[in-house]
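*Asks:* I'd like to ask you about the structure that follows.
The values are calculated or read from the model by the stated rules, or taken from the named source; none is laboratory data. Keep in mind it's a predicted model, so treat the numbers as computed, not measured. Cβ atoms come from the backbone with ideal geometry, glycine included; neighbour counts cover every protein chain shown.
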Amino acid sequence: MFRVEPLREADARAILTWRYPEPYEFYNPPDGGRDDDYVHAFLDPDLQFHAVRDRELMLAGFCSYGLDGQVPGGDYSDEALDIGLGMRPELTGKGHGAEFFKAILLHGTAVFAPDHFRLTVAQFNARAMRLYEGFGFREQSRFEQRWVTYSVLTRSAD
């Protein structure tokens, strides 16, 4: 079981140390000594970042609700709550995705009461696409940004 709660500075700093294996290294936080800038962004209340914790209250991942879930170049003209998320690398691919994502959706519904949810997903991430489609998300559009093709997926919040 997972729960969603406010993200703390220690969580943000931990996330910046995460490293994903190929082909998911695309999601690795950037190196380059700008950690404080990224921590500041994680803690910006306008970006609505949250920690996702496991039953032992260990940081299992994070999510965001709102603008952070959008990728430049996508069509976000329809009303929907954008979700961004990431799971701790050593937990990925072990069957936790559905429970993890369900906690994020339930929290989003309880706090924001949206009519629709929206995700923007890199097309190569077939594992994530299968998970989201299993939750009823359907592709609304595709676009390319910096040599990566993205799908914009939506579903009703009902």
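*Asks:* If the Cβ limit is 6 Å and pairs must be 6+ apart or interchain, which residue in region 1-26 that is touching a residue at least 60 places away in the same chain (Cβ under 8 Å) and assigned to a loop (DSSP other than H, G, I, E, B) pairs with which residue that is of a type in the set (V, I, T) and surrounded by 11 or more Cβ atoms within 10 Å (Cβ to Cβ)?
*Replies:* As it stands, the answer is F2/V52, since those pairs meet every condition given.
*Asks:* I've got another one for you. Could you please let me know if T92 is closer than 25 Å to L16 by Cα, crowded, with 18+ Cβ neighbours inside 10 Å and touching a residue at least 60 places away in the same chain (Cβ under 8 Å)?
*Replies:* So T92 fits the description; yes.
*Asks:* Within region 75-94, can you find the residues that are of a type outside the set (K, R) and in a loop (DSSP other than H, G, I, E, B)?
*Replies:* Passing the criteria: D75, Y76, S77, D78, E79, A80, T92, G93.
*Asks:* Only one of these is of a type outside the set (S, T, N, Q), out of contact with any Asp or Glu (no Cβ under 8 Å at 6 or more places or on another chain), in contact (Cβ under 8 Å) with a residue 12 or more places away in the chain and in a helix (DSSP H, G or I): H107, H40. Name it.
*Replies:* Being of a type outside the set (S, T, N, Q), out of contact with any Asp or Glu (no Cβ under 8 Å at 6 or more places or on another chain), in contact (Cβ under 8 Å) with a residue 12 or more places away in the chain and in a helix (DSSP H, G or I) holds for just one of H107, H40, which is H107.
*Asks:* Further question: Checking T92 against (1) touching a Lys or Arg at 6+ places or on another chain (Cβ under 7 Å); (2) of a type in the set (S, T, N, Q); (3) at pLDDT below 95, only one condition comes out false. Which one?
*Replies:* Only one criterion in (1) touching a Lys or Arg at 6+ places or on another chain (Cβ under 7 Å); (2) of a type in the set (S, T, N, Q); (3) at pLDDT below 95 is unmet by T92, namely (1).
*Asks:* What do you reckon, is D35 surrounded by 11 or more Cβ atoms within 10 Å (Cβ to Cβ), closer than 23 Å to V111 by Cβ and among the acidic types (D, E)?
*Replies:* The answer is no for D35.
*Asks:* Regarding region 58-74, can at least one residue be identified that is part of a strand (DSSP E or B), hydroxyl-bearing (S, T, Y), free of Cβ contacts under 8 Å to residues at least 24 places away in the same chain and surrounded by 14 or more Cβ atoms within 10 Å (Cβ to Cβ)?
*Replies:* yes
*Asks:* Still on this structure, I have one more. Evaluate region 64-71: report whether one residue or more is touching a His at 6+ places or on another chain (Cβ under 8 Å), farther than 17 Å from S156 by Cβ and hydrophobic (A, V, I, L, M, F, W, C).
*Replies:* Checked region 64-71: no residue is touching a His at 6+ places or on another chain (Cβ under 8 Å), farther than 17 Å from S156 by Cβ and hydrophobic (A, V, I, L, M, F, W, C).
*Asks:* If you take the residues in region 110-145 that are aliphatic (A, V, I, L, M) and part of a strand (DSSP E or B), which one is nearest to A157 (Cα to Cα)?
*Replies:* Once the filter is applied, the top-ranked residue is L119.
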